[in-house]
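Shown next, in structure tokens, is the structure this report addresses.
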Amino acid sequence: MDKLIHGTAASDTVRVVAAVATRTVEEVVARHGLSPTATAALGRTLIGAALLGATQKDFDRLTIKLESDGPIGGIVAEARPTGALRGYVKNALADLPANGNGKFDVGGAVGSGMFFVIRESGFELGLHNTPYVGSVPIQTGEIGDDLAFYLAKSEQIPSAVLLGVLLKNTEPFVSAAGGVLVQMLPGANEHIITMIEDTIAHAPHLTSVIGDGAGPEELAELVLGEIEFKKLGEREIRFECTCSHEKALTMIEALGADDVRSMLEEDTGASMACGFCSSNYKISAAELAAILERLSS
Ligand code: ZN
């Protein structure tokens, strides 16, 4: 089970959110058949969305979206307060050779463009609140850097963001995935900030400690060093989509009578793929006929 924890340190002047998400990223690879570079890109973005979601109250859905010109063609990652995560990249097979540091060239795959954070609320209650949308230009496209830049620029919260996905050559391909978000809240002093920066600079890679069995508590300690961590809560995180056969039928119905009629007459059925999870829904001729009858009555 993947887990996310949140808490504070240094007399509540520092907020820390940490997550281990190895299973979640495994599930994403299995569903979308992602290339290694796309796995790192989407994995980091999903973990980033989960971490950011844990710092916010009163939302139904938080989305990180990258609209960019690189081979990956864009990324969407959604987090819900329940810990459910889902997402996709436009080109699942986009892949690049490792960069100069021997790491996945996520920045190269993403390219340049815009980084968005969208927060929606109220729709579970049937309200239609205007979503909150913040955006910044993509900095490096490595995701962690972009999220930190977004938080500093758009929300004025100095933050450090560490996101990691480590892969191997055999199934299930993902050997470790996780992340840590550290935010300096009002009152955080320079000395503490310097200490944390220094600890992060000298800390081992997140994925190597996760691979050794570390949980989110150890990740929080890894970035805080000597500073004591006060855990305030935890939740399970997992890949989970909201699609269903029922919703697929509603979407077919929304296409209108002409489209439904041609699906029935030309193809004697329809199939709908969910972009978020790659589930495929087969809609039978009988179901199409029933939809058509509803639309024509
Ligand atoms: Zn789905």
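Couple of notes before you dig in:
- The set of residues from the range 274-289 being touching a Ser or Thr at 6+ places or on another chain (Cβ under 7 Å) and surrounded by fewer than 14 Cβ atoms within 10 Å (Cβ to Cβ) comprises N280, K282.
- For the range 104-118, the candidate set comprises residues that are surrounded by fewer than 22 Cβ atoms within 10 Å (Cβ to Cβ) and hydrophobic (A, V, I, L, M, F, W, C); within that set, the residue that is farthest from F149 (Cα to Cα) is I118.
- Residues satisfying the stated conditions in the range 84-98, i.e. more than 14 Å from T39 (Cα to Cα) and either buried (at least 21 other Cβ atoms within 10 Å of the Cβ) or at pLDDT below 95 (or both): L85
- Some residue of the range 236-243 being more than 16 Å from the ligand (Cβ to nearest atom), part of a helix (DSSP H, G or I), of a type outside the set (D, E, K, R) and touching a Gly at 6+ places or on another chain (Cβ under 9 Å): no
- Among the residues of the range 211-224, those that are over 20 Å from the mean Cα position of the chain (by Cα) and surrounded by 14 or more Cβ atoms within 10 Å (Cβ to Cβ) comprise G211, A214, E217, E218, E221, L222, V223, L224.
- Some residue of the range 191-209 being more than 19 Å from A21 (Cα to Cα), part of a loop (DSSP other than H, G, I, E, B) and modelled with pLDDT of 95 or more: no
- Selection of the range 155-183 for residues being touching a Lys or Arg at 6+ places or on another chain (Cβ under 6 Å) and surrounded by fewer than 24 Cβ atoms within 10 Å (Cβ to Cβ) yields S175, Q183.
- From R261, R235, residue being more than 26 Å from K3 (Cβ to Cβ), basic (K, R) and surrounded by 13 or more Cβ atoms within 10 Å (Cβ to Cβ): R261
- Cβ-Cβ distances below 7 Å connect the following pairs, each with a first residue in the range 6-17 that is touching a residue at least 12 places away in the same chain (Cβ under 8 Å), a second residue that is of a type in the set (D, E), and a separation of six or more residues or different chains: A9/E228.
- Number of the condition not met by D258 [criteria: (1) more than 30 Å from P204 (Cβ to Cβ); (2) in contact with a Ser or Thr (Cβ under 6 Å, 6 or more places away or on another chain); (3) more than 16 Å from the ligand (Cβ to nearest atom)]: (2)
- Being surrounded by 12 or more Cβ atoms within 10 Å (Cβ to Cβ), of a type outside the set (A, V, I, L, M, F, W, C) and within 16 Å of the ligand (Cβ to nearest atom) is a condition met by no residue of the range 192-210.
- Exactly one residue out of A109, A79, A98 is within 16 Å of the ligand (Cβ to nearest atom) and aliphatic (A, V, I, L, M), and it is A79.
- Subset tally (residues that are outside any helix (DSSP H, G or I) and buried (at least 21 other Cβ atoms within 10 Å of the Cβ)) for the range 25-47: 2
- Test for N101: is it in contact with a helix residue (DSSP H, G or I) (Cβ under 9 Å, 6 or more places away or on another chain) and surrounded by fewer than 17 Cβ atoms within 10 Å (Cβ to Cβ): no
The values are calculated or read from the model by the stated rules, or taken from the named source; none is laboratory data. Here the structure is a predicted model, which means the values were calculated and not measured. In this analysis, Cβ positions are derived from the backbone assuming ideal geometry, glycine residues included, and neighbour counts consider all displayed protein chains.
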